[in-house]
1. In debye to the nearest 20, how big a dipole does region 3-339 give about its Cα centre with +1 on each Lys and Arg Cβ and -1 on each Asp and Glu Cβ?
2. As an exercise, find the ratio Rg/Rh for the chain from alpha-carbon atoms, using the Kirkwood inverse-distance average for Rh.
3. Where both residues lie in the chain, what percent of DSSP beta bridges are antiparallel, nearest 5?
4. List, in the order given, every pair from LYS117/LYS258; LYS74/LYS117; LYS2/LYS258 whose Cα-Cα distance in the structure shown is over 30 Å.
5. Modelling each spin label as a point 7 Å along the Cα-to-Cβ direction, I'd like the ARG137/ARG199 distance in nm, to one decimal.
6. Want the number for ASP291 to ARG271: 0.36 nm per residue separation, take away the alpha-carbon distance, what's left?
7. Using label points projected 7 Å from each Cα along Cα→Cβ, tell me how many nm separate THR224 and THR257, to one decimal.
8. Run the simple label-point estimate for ALA302 and GLN66 please: 7 Å along Cα→C-beta, distance reported in nm.
Amino acid sequence: MKITQVTCMKNEGPFLLEWIAYNRIIGVSDFLIYTNDCTDHTDALLDTLSAHGVVKHLPNPAQPGQPYQMTALKAAASDPLVRDADWVFVSDVDEFLDIRTDQGTIPDLIAACGNPKAISITMRMMANGGIHHFEDRPVIEQFTHTHDAALWGGEKAIEVKTLTRRDFPLKFFGAHRPFVRASFDPATENLSWTDGSGRQVPQPFLTVANKRRRHRFPAAGASTLAGLNHYTLRSLDSYLVKSERGDVNRKYRKFQTKYWSERNEDHQEDRSITRRLTELTAEMDRLKALDGVGVAHDACVAAHRALVARLLERPEFVALRDDLIAISPALRRSQKAASV
C-alpha cells in the first residue's frame, strides 16, 4: 500500500529522524516535506535523507504574504507522491499516530475501520511533564502524560488529523481534514468517513455545517482503534526555541504562557505508544547509519542546544522560562506535596 505523508516544517531538525522512523514502522511509504527559512540544519538533514531516497524535500513554494502550509498543500495535491498514493496523511512533525490494532500499522487501522474513504483521528495533547532540559532521545518515551481523552480544556470537541483515500471526493486538502468538492451531494451520495473508532464522523463535521467545528468533533469514544499524540510542548528548552521561531503558518500567533498552559494538562498517564520503542530505536539507528545522516542529525541537535543557550542570555526569555515553570502542573503538585 502506498501511503504518503505530507508536512511543512521550519527548524525541527532534532526531532525529524524520530518522526520519520516512527512513521516508517507504522506503514508510511513516502514523505513529501516542505521547509522554509531553516537555521538549524533541518534542510541539510532532509537533503541528505533525500539523497538516500528516504524523503522528497522541497522548498516551500509560498511567496511573501502567502500562508506557508496551505500554499504547500495546494502544491502537494499535484505532486506525483500524492497524486499516485493510495492514502495521504497530512500531519506535523510533533504528531504521532498511536494505532491500537493488533499490528499497529496504518493498513491495519484502515482494515479495522472498514476501508473508508477517510479516517479522522482525534488529538491528545501531550503535556510537558515537568521536563526542563532538551534530551536527544525519543519524545514518545519522555512525554507520557495528557488530558482526559474525551475532554480538553473543558472542550468536548477536539481537533483531528485525517488519513485520506485516493478516491475521496476531494476539493482540497486542509491541515486537519480534506474538504469535499462542490459537486458532492451528501444527501444522495454515501461517503464512508470514520473516526479513530471506526464510527461514521458526525454529519455536521463532514459537511462543514458548523464553521467552528470544521476541524473537530466530540472526542468521547472516538479513539478506541487509534489516537494522535500531539507533542506540541516537548521540553521547556525546546518550547523556548519554538517561541523564538514563532508559528510557521500564522505570524500573529505567539507561543507564550497561554498556549503552554492550555496544552499542559497532565491528568493521566498514557504510555501505549511506547510499546513501539524497540522498533523505533532500531529504525532510527538504520537511518543514522546512512552516509551523512548521523552527522547531519548531530548538527541539528548542536544547533538546537546552542540556540537554547543564546536565548537564556536574553532577559525576556529568562522571564518567559520562569513564568512557564511557575504555571506548570508538575510544579503545583510538588508545592502541594511539600505543604502537606
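FYI, it's all coordinate maths here, none of it is from the lab. As the structure is a prediction and not an experimental result, all values here were calculated from the model. Note that each Cβ is placed from the backbone with ideal geometry, even for glycine, and that neighbours are counted across all protein chains shown.
1. 1160 debye
2. Over the Cα atoms of the chain, Rg/Rh equals 0.95.
3. If I count the DSSP bridges inside the chain, around 55 percent turn out antiparallel.
4. From the list (LYS117/LYS258; LYS74/LYS117; LYS2/LYS258), the Cα-Cα distance tops 30 Å for LYS117/LYS258; LYS2/LYS258.
5. In this crude spin-label approximation the distance works out to 3.8 nm.
6. 3.9 nm
7. Once both label points are built, they end up 4.3 nm from each other.
8. 3.5 nm
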